[in-house]
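Asks: Got a structure for you, written out below as structure tokens; questions coming shortly.
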Amino acid sequence: MSKHTKHIPCLITIFGATGDLSHRKLFPSLFHLFQQDNLDEHIAIIGIGRRDYTNEVFREQVKESIATHVKDTDQIDEFMEHVYYFKHDVSDEQSYHALLDFSNELDSKYQLKGNRLFYLAMAPQFFGVISDYLKSSGLTETNGFKRLVIEKPFGSDLKSAEQLNSQLRQSFKEEEIYRIDHYLGKDMVQNIEVLRFANAMFEPLWNNKYISNIQVTSSEVLGVEDRGGYYESSGALKDMVQNHMLQMVALLAMEAPISLKSEDIRAEKVKVLKSLRQLKPEEVRQNFVRGQYDEGHINDIKVKAYRDEDRVAEDSNTPTFVSGRLTIDNFRWAGVPFYIRTGKRMKSKTIQVVVEFKEVPLNLYYQTDKLLDSNLLVINIQPNEGLSLHLNAKKNIQGIDTEPVQLSYAMGAQDKMNTVDAYENLLFDCLKGDATNFTHWEELKSTWKFVDVIQEEWTMNEPNFPNYESGTNGPLESDLLLSRDGNHWWDDIQ
Ligand code: BG6
């Protein structure tokens, strides 16, 4: 028996355990959970890969990665006693039978009660085949729970996502499938809901009567790095908008759930995604802007153009930047634009939400030489975590001039030590069987449907790329998208 009820015995099998994601995120997160006493002795981890490693060699590598990502490595040797390597060919059915024997062996050694979590940190073409073999080999026939955790991309359009989903559903039920969107594991993304529904002061204003527009930005300084191969077939629209950006919009726009149960929260998110106004092909140009980075300077260092990156076509039309104007057709949001923006090789690494409120009905005051600033609620998701409220206050005793003032909350270093990464939150949720912060099939269906129209239109019309210099805020058209509505991006605001 576990010491604490919060401990859930489980065998965690990671497919793709020698890959980058496993080393950078999964093992450090699992270790941190162990160190924080969220995992105990009733846990075993099988790392699966194609290479001919021994347990010792694999454990050394994992240990090294953990040491790179977690400052305090106290208890690392105890943790490593739970980690195993299993050489396996994912397309060979026989190999799954050997995996089953090994899983049963670990199950009795660590008393795991037949609970199995399969984590697919693999290229997407293997998702279906692994899931099929897990069932046919008997690995999913267990007395405990069985769960499948799956990384993105989940399909490359609605049709392929539907095919993949039906294939997975042959072996796992919807409630056993945990589709990762790592943004949903970020503390401040989870805070959007709390901020909205645990404070009496925001909800009454959170609608088209008081909000002028909402801006969601996720900009990166990094380029495509060594992922050119994957990125060429994806681009910013499928890599970021279809999942992370629309998930943040759903959290910002949803109605209050009737309870904190996963199904109640997700039902509200689904409603928002269903009320996203589907664009007609001829409306795409007016509402969405695509961009691709050219060479430029970042921190005074010259960086190359996207088309010169590794495994990227010289004449590639893949967008590395997208901004868009979304309309949510429901009572609360009619008339309020939601602007989203994401791109690589931009000026700064920022994930941020800016809620801009409407002007006061009758403005009696002025800032020197200009009109009052809008009230803003800024939610800083990364790298700074916290929020700020931008208000207008009286400047000095004489006169009626105002000046902007800011109320800020920054999450302290102490709070941040609780997790090493969003993955830690998500892995723990998954062990607990809490699917709230994972993408439900209904959400995916709506987001693909929305994104497919844009992608189809873009495929039919050649862009004029590259169209933004590295180290900037993207193409000029992205600014025009807002200025046409009389708005502007709130850049450089905290
Ligand atoms: C991933 C994308 O989902 O998110 C990457 O595939 C992107 O291209 C990354 O760099 C950004 O994540 P974060 O957490 O750094 O904003």
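The values are calculated or read from the model by the stated rules, or taken from the named source; none is laboratory data. None of the values given here were measured: they were computed from a predicted structure. Neighbour counts are summed over all protein chains in view; Cβ atoms, including those assigned to glycine, are modelled from backbone coordinates with ideal geometry.
Asks: Every residue in region 436-446 that is under 15 Å from the mean Cα position of the chain (by Cα) and either part of a helix (DSSP H, G or I) or over 18 Å from LEU26 (Cα atoms) (or both), please. Before you say what the answer is, go through the steps one by one.
Replies: If we filter region 436-446 for residues that are under 15 Å from the mean Cα position of the chain (by Cα), which is where we start, we get 436-440, 443-444.
Of everything in region 436-446, those that are under 15 Å from the mean Cα position of the chain (by Cα) and either part of a helix (DSSP H, G or I) or over 18 Å from LEU26 (Cα atoms) (or both) turn out to be THR436, THR439, HIS440, GLU443, LEU444.
Asks: Any idea how many residues of region 377-408 are away from the ligand (no atom under 16 Å from the Cβ) and part of a strand (DSSP E or B)?
Replies: 19
Asks: So for region 109-130 (the condition being surrounded by fewer than 15 Cβ atoms within 10 Å (Cβ to Cβ), touching a residue at least 40 places away in the same chain (Cβ under 8 Å) and touching a helix residue (DSSP H, G or I) at 6+ places or on another chain (Cβ under 6 Å)), does at least one residue qualify?
Replies: No: zero hits.
Asks: Which condition number in (1) at pLDDT 95 or above; (2) in a strand (DSSP E or B); (3) not basic (Lys, Arg) is the one that SER478 fails?
Replies: (2)
Asks: Quick check, is ARG50 in contact (Cβ under 8 Å) with a residue 24 or more places away in the chain and within 15 Å of GLY19 (Cβ to Cβ)?
Replies: Yes.
Asks: Ok, one more. Can you list residue pairs whose Cβ atoms sit under 8 Å apart, with the first residue in region 229-253 being closer than 21 Å to TYR306 by Cβ and of a type in the set (Phe, Trp, Tyr) and the second being assigned to a helix (DSSP H, G or I) and within 9 Å of the ligand (Cβ to nearest atom)? Count only pairs 6 or more apart in sequence or on different chains.
Replies: TYR231/ASP239
Asks: Follow-up question, since we're still on this one. Provide a single number: the residues in region 156-196 that are within 16 Å of the ligand (Cβ to nearest atom) and among the basic types (Lys, Arg).
Replies: Result for region 156-196: 2.
Asks: When the residues of region 88-108 are narrowed to those that are within 30 Å of the chain's Cα centre (by Cα) and not acidic (Asp, Glu), which ends up surrounded by the most Cβ atoms within 10 Å (Cβ to Cβ)? Steps first, answer last, please.
Replies: So the first thing to find is which residues in region 88-108 are within 30 Å of the chain's Cα centre (by Cα), and the list is 88-91.
Next cut, not acidic (Asp, Glu) only: 88, 90-91.
Details: HIS88: 21, VAL90: 18, SER91: 10.
This residue is HIS88.
Asks: Given ILE328, ILE381, ILE301, which one is aliphatic (A, V, I, L, M) and without any contact (Cβ under 8 Å) to a residue 12 or more places away in the chain?
Replies: On inspection, the qualifying residue turns out to be ILE301.
Asks: Identify all residues within region 197-222 that are out of contact with any helix residue (DSSP H, G or I) (no Cβ under 7 Å at 6 or more places or on another chain), among the small types (Gly, Ala, Ser) and within 16 Å of the ligand (Cβ to nearest atom); write none if there are none.
Replies: Hit for region 197-222 is SER219, nothing else.
Asks: Hey, could you check region 57-73 for residues that are hydroxyl-bearing (Ser, Thr, Tyr) and modelled with pLDDT under 95 and say which is surrounded by the most Cβ atoms within 10 Å (Cβ to Cβ)?
Replies: Among those residues, the one meeting the criterion is THR73.
Asks: Output the qualifying pairs, or none if there are none: Cβ atoms under 7 angstrom, residues six or more apart or on different chains, first residue in region 281-297 and touching a residue at least 24 places away in the same chain (Cβ under 8 Å) and closer than 17 Å to LYS449 by Cα, second residue in a helix (DSSP H, G or I) and aliphatic (A, V, I, L, M).
Replies: PRO281/VAL453; VAL284/VAL453; VAL284/ILE454; PHE288/ILE454
Asks: Can you work out which of the residues in region 239-278 that are more than 17 Å from ASN330 (Cβ to Cβ) and of a type in the set (S, T, N, Q) is surrounded by the fewest Cβ atoms within 10 Å (Cβ to Cβ)?
Replies: SER259
Asks: Does region 136-156 hold any residues that are buried (at least 17 other Cβ atoms within 10 Å of the Cβ) and not hydrophobic (A, V, I, L, M, F, W, C), and which are they?
Replies: The answer is SER137, THR140, THR142, LYS146, ARG147, GLU151, LYS152, PRO153, GLY155, SER156.
Asks: If you don't mind, another one. When only residues in region 230-272 that are acidic (Asp, Glu) and within 16 Å of the ligand (Cβ to nearest atom) count, which is nearest to TRP448 (Cα to Cα)? Give the derivation first.
Replies: Within region 230-272, the first condition is being acidic (Asp, Glu), and the residues that meet it are 232, 239, 255, 263-264, 268.
Cutting the leftovers down to within 16 Å of the ligand (Cβ to nearest atom) gives us 232, 239.
On the way: GLU232: 18, ASP239: 12 Å.
Among those that are acidic (Asp, Glu) and within 16 Å of the ligand (Cβ to nearest atom), it is ASP239.
Asks: Pairs please, first residue from region 340-362 and within 16 Å of the ligand (Cβ to nearest atom), second anywhere and modelled with pLDDT under 95 and part of a loop (DSSP other than H, G, I, E, B), Cβ atoms under 7 Å, 6+ apart in sequence or on different chains.
Replies: From region 340-362, the pairs are LYS349/PRO383.
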